[in-house]
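Student: My questions will all concern the structure given below.
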Amino acid sequence: MIKYENYELINLPWLKEIPKNWNKKKLKKISRFKTGNSIKDEIKNKYSKKDNSYLFITTSDIDGEKLVINHQSSIFIPKSEKGFRISEVGSTLLCIEGGSGGKKVAFTSQLVCYGNKLCSIKLDLGVDKYLYYVLVSNMFKIYYNMNISGDRNGISQKNVGEFVLPFPNISEQQQIADYLDWKIREIDKLIDIEKQQIKDIERLKKIIISQYYNELPIKRRIKTLIQSPLVYGINEAGKTNGKIRFIRITDIEKNGSLKKDGKQYINDCEKKYILEKGDILFARSGGTVGKTYLHQDISNNELMAFAGYLIRARFDVNLVNPEYIYYYTQSESYTEWKNSIFIQSTIQNISAEKYSNLEIPYCSLNIQNKIVEKIKQKLLEINKLKEKSLEKQFYLVSLKESIISEVVTGQIDVRNEKIPERK
């Protein structure tokens, strides 16, 4: 790591020193910046035509990991429509409100309209991609968090202009932007390899689990294995405090565990909604339809109920081990069954009736228990592979963040770095 020859103290709360040939500047002195527009939910369907329009970018359209625009909101603003602000090509969109404030940042490669939680920033003189990397850096996130206020956990458009940031001369800004483009591109390739590795491991896990069930010739429908009919959850909103934890689809992690943050609660409910050990929750609609959660013993005896987009199955333990059912829902065979349901329907939804008729390969309790233990052993081996890949991915993400922060704050000198031409 090559450092600059000389540094000078600037005593900003988030940055103590910069290279001696650099300057610190307030954004309002060197850039144009504006927050975007809001669109009421009831008229969003008015803006669905792609022809002769601008993409409308919301916070959800910014990939929180790669920090690029990934337009998924399907909102398009006709070019003839007046009153919508347009972000220029080469602007940086910075989220300045809510949980993504200071975290979601994207660089625009085309003219776009944008939401009211985003601020579009364009330098009057300078290299816009350099500014993008400054705003992406972890050092800036610290600075941003020092300035948030109010109920919306954000900063005002006016305060955006008060940010004091480090700026070298323009040629050095360009060199830094080009260097980071190259480095981040290479690191992202390695991250994508690890992501694909994890997908392959997850697919392998499903195939291996399926093998234990595919060998069984007898099948029984879920409705013949349960104590009582399947139950839909409670159609009400949770609160931040209460006596009973309220489980929603979004609380269930991909690995089947419950999230520890963002908990919601209710104060009271009918007994049938309180989860017992061995209950399985099935997601009935939305992007994660078919996702399942097996309720185990809770160490603190916390009472839990479940929300309306979930369906509860309570099994007869004299006929079936609930873990045996749960592992089946992690199999490739279960995925194929879900997909067959979706083909028959215009929307992704699986009702209690359809879950009741799901056929499960069946065997004696003794054999079920042996299958469960064999699957657990296999999953221990597979999860070790996944953990290694996740560790590599975490290291690469940390490396990327570190390089960006150190370069844009002048802790690393890249002026003489030779940047290979992009093929």
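Student: Distance from the Cα centre of segment 267-325 to that of segment 164-180, in angstrom?
Tutor: 54
Student: Excluding same-chain residues fewer than 8 positions from K418, which aspartates and glutamates have a Cα within less than 17 Å of its Cα?
Tutor: E172, D178, D181, E186
Student: Give me the distance between the Cα centres of segment 1-37 and segment 380-400, rounded to whole Å.
Tutor: 34
Student: Picking from K122, K388, K44, which is most flexible by a Gaussian network model of the chain using Cα springs under 10 Å?
Tutor: Greatest mean-square fluctuation among the candidates belongs to K44.
Student: Return a whole-number percent for the relative contact order of the chain, with Cα pairs under 8 Å and 6 or more residues apart as the contact set.
Tutor: Computed over the chain, the figure is 18 percent.
Student: Which distance in nm do the two modelled labels at Q296 and L319 give, with both placed 7 Å along the Cα-to-Cβ direction?
Tutor: The two pseudo-label positions are separated by 2.6 nm.
Student: Students often get this wrong, so try it: which of (1) 26.4, 77; (2) 21.5, 69; (3) 21.1, 73 is Rg and Dmax of the Cα atoms in Å as calculated from the structure shown?
Tutor: Checked against the structure: label (1).
Student: Sticking with this structure for a sec: By how many nm would the segment from D41 to E336 lengthen if fully extended, with 0.36 nm per residue of separation less the alpha-carbon distance?
Tutor: Details: separation 295, 0.36 × 295 = 106.20 nm, distance 3.49 nm.
Stretched out fully, the D41 to E336 stretch lengthens by 102.7 nm.
Student: Let me ask another. So which aspartates and glutamates can K3 reach, going by Cα to Cα under 13 Å and dropping same-chain residues fewer than 8 places off?
Tutor: The reachable aspartates and glutamates, counting only those whose Cα sits under 13 Å from K3, are E17, E406, D413, E417.
Student: Could you sort S80, S100, S137 by their accessible area in this structure, using a 1.4 Å probe and putting the largest first?
Tutor: Values: S80 95, S100 35, S137 0 Å².
Result of the area sort, largest leading: S80, S100, S137.
Student: For K370, list the aspartates and glutamates whose Cα falls under 15 Å from its own Cα; do not include residues on the same chain fewer than 8 positions away.
Tutor: E215, E323
Student: What is the set of long-range amide H partners of I247 at a cut-off below 5 Å, with H atoms built 1.01 Å from backbone N?
Tutor: The list, which skips near neighbours in sequence, is A305, F306, A307.
Student: Please give the calculated 222 nm ellipticity per residue for the chain, where each DSSP H segment of at least 4 residues contributes -39500 (n - 2.57) and the sum is spread over every residue; nearest 500 deg cm²/dmol?
Tutor: After summing the helix terms and dividing by the residues of the chain, the value is -11000 deg cm²/dmol.
Student: In a GNM of the chain with a 10 Å cut-off on Cα contacts, which of V317, V127, V105 has the highest mean-square fluctuation?
Tutor: The residue with the greatest mean-square fluctuation here is V317.
Student: Moving on. Let me spell out the model: positive unit charges on the Cβ of Lys and Arg, negative unit charges on the Cβ of Asp and Glu, origin at the Cα centre of the chain. What dipole size does that give, in debye rounded to 20?
Tutor: Values: 69 positive and 51 negative charges, 125 e Å.
In total the dipole reaches around 600 debye.
Student: On to the next question. For the pair L125 and I382, what calculated FRET efficiency results from E = 1/(1 + (r/R0)^6), where r is the Cβ-Cβ distance and R0 = 45 Å, to the nearest 0.05? Walk me through the intermediate numbers first.
Tutor: On the way: r = 55 Å, r/R0 = 1.21.
That gives a FRET efficiency of 0.25.
The values are calculated or read from the model by the stated rules, or taken from the named source; none is laboratory data. Here the structure is a predicted model, which is why all the values come from computation and not from measurement. When we count neighbours, we look across all protein chains shown, and the Cβ atoms used for this are built from the backbone with ideal geometry, even at glycine. Note: areas computed on protein heavy atoms with side chains; ligands, DNA, RNA excluded. Shrake-Rupley method; radii C 1.70, N 1.55, O 1.52, S 1.80 Å.
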